[in-house]
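K.L.:
Structure below; questions to follow.
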Amino acid sequence: MSAESQTPNQNWTQCYLGLGSNLANELGTPIEHLTRGIAKLKANSQIRNLVASSFYGSIPMGPQDQPDFVNAVVGFETNLTPIALLDVCQALETDARRERLRHWGERSLDVDVLLFGDQEIHEPRLIVPHLGITERNFVLVPLIEIAPNLIINGTPISSYPESQNLSGIHRICDADQRGKL
Ligand code: AMP
């Protein structure tokens, strides 16, 4: 049977992705990279009910001689498999002409799979929940904004101190205003 004639998977799973950018290029600014990435996710027929957080500015986690990041998270239901969703994320990075300059360095677009339902995945290409998710305020602050009752690794998101820690990050704009920037 060809891939096209296969019945699509009807199981829809609630997922969360983290997006970050701190490098402008010929395709746009960091805010534009995130906005374009979210628009492409929304246009994917295997993704529905997408909700985006506000955009946040954050100081870089790795080398400090790089611009601040713009971060956001999105939540949606998908009938993609986890690996197929990772492929979608990596295609968004490629579309933004991401180059690997240095570890934890500047990038036009980074898209990570934060959570895939309540699944724990340990594959060579994909670890979910994303490692470090519960220690990063630039992930948990936007995430609690769109999913205040989320359970991560068996613990409510509000119980993780980084979900309440605003040091080093600031809200740039509401989700519904960012398209006007
Ligand atoms: P990064 O430098 O953050 O873009 O890391 C990309 C690498 O992490 C790729 O080789 C992915 O296969 C791998 N990876 C493992 N788990 C995840 C995840 N949950 N989301 C995105 N990439 C992941």
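Read the figures in this text as sums done on the coordinates, not as results from a lab. Because the structure is predicted, anything quoted here is derived from the model rather than measured. Methodologically, a virtual Cβ is constructed for each residue, glycine included, from the backbone with ideal geometry; neighbour enumeration extends over all protein chains shown.
K.L.:
Name the residues of the stretch 40-83 whose amide N is less than 11 Å from a point 7 angstrom out from the Cα of Ile127 along the C-beta direction?
P.N.:
Inside the label zone: nothing.
K.L.:
Reported to two decimal places, what Rg/Rh ratio describes the stretch 15-73 when computed on Cα atoms with Rh from the Kirkwood expression?
P.N.:
1.01
K.L.:
List, in order, the whole-Hz ³J(HN,Hα) value for each residue of the stretch 65-70 obtained from phi through the Karplus relation with A = 6.51, B = -1.76, C = 1.60 and θ = phi - 60°; use x for Gly and Pro.
P.N.:
Per residue, the Karplus-derived 3J(HN,Hα) values read 8, 9, x, 4, 8, 10 Hz.
K.L.:
Still on this structure, please answer the following. Roughly what would the spin-label model give for Thr29 and Glu120, points 7 Å off Cα along C-beta, in nm?
P.N.:
4.3
K.L.:
If you project the alpha carbons of the stretch 26-175 onto the principal axes, what extent comes out on each, in Å, largest first?
P.N.:
Reported extents, whole Å, longest axis first: 39, 35, 32.
K.L.:
Hey, another quick one. Give the order of Ile83, Ile144 when sorted by the count of other beta carbons within 10 angstrom, beginning with the fewest.
P.N.:
Ascending Cβ contact count within 10 Å gives the list Ile83, Ile144.
K.L.:
Quick one: 3J(HN,Hα) in Hz for the stretch 97-111, Karplus 6.51/-1.76/1.60 with θ = phi - 60°, rounded, Gly and Pro as x.
P.N.:
Once θ is set to phi - 60°, the couplings for the stretch 97-111 become 6, 5, 10, 8, 8, 7, 4, 6, x, 5, 8, 5, 7, 10, 10 Hz.
K.L.:
List every residue whose amide H lies under 5 Å from the amide H of Arg107, counting only residues 5 or more places away in sequence or on a different chain, with H placed 1.01 Å from N in the peptide plane.
P.N.:
Amide H neighbours of Arg107, under 5 Å, 5+ apart: Asn22, Leu23.
K.L.:
Rounded to the nearest 20 debye, what is the charge dipole size of the chain about its Cα centre when +1 sits on each Lys and Arg Cβ and -1 on each Asp and Glu Cβ?
P.N.:
My answer is approximately 260 debye.
K.L.:
Measure off 7 Å from each Cα along the Cα-to-Cβ vector at Asn79 and Gln64, then give the distance between these two points in nanometres to one decimal.
P.N.:
Output for this residue pair reads 5.0 nm.
K.L.:
If you rank Thr155, Thr13, Thr81 by fewest surrounding Cβ atoms within 10 Å, what's the result?
P.N.:
The order, fewest Cβ neighbours first, is Thr155, Thr81, Thr13.
K.L.:
Here's something else I'd like to know. Using amide H atoms built 1.01 Å from N in the peptide plane, name the residues 5+ places from Ile152, or on other chains, whose amide H lies under 5 Å from its own.
P.N.:
HN-HN under 5 Å from Ile152: Ile157.
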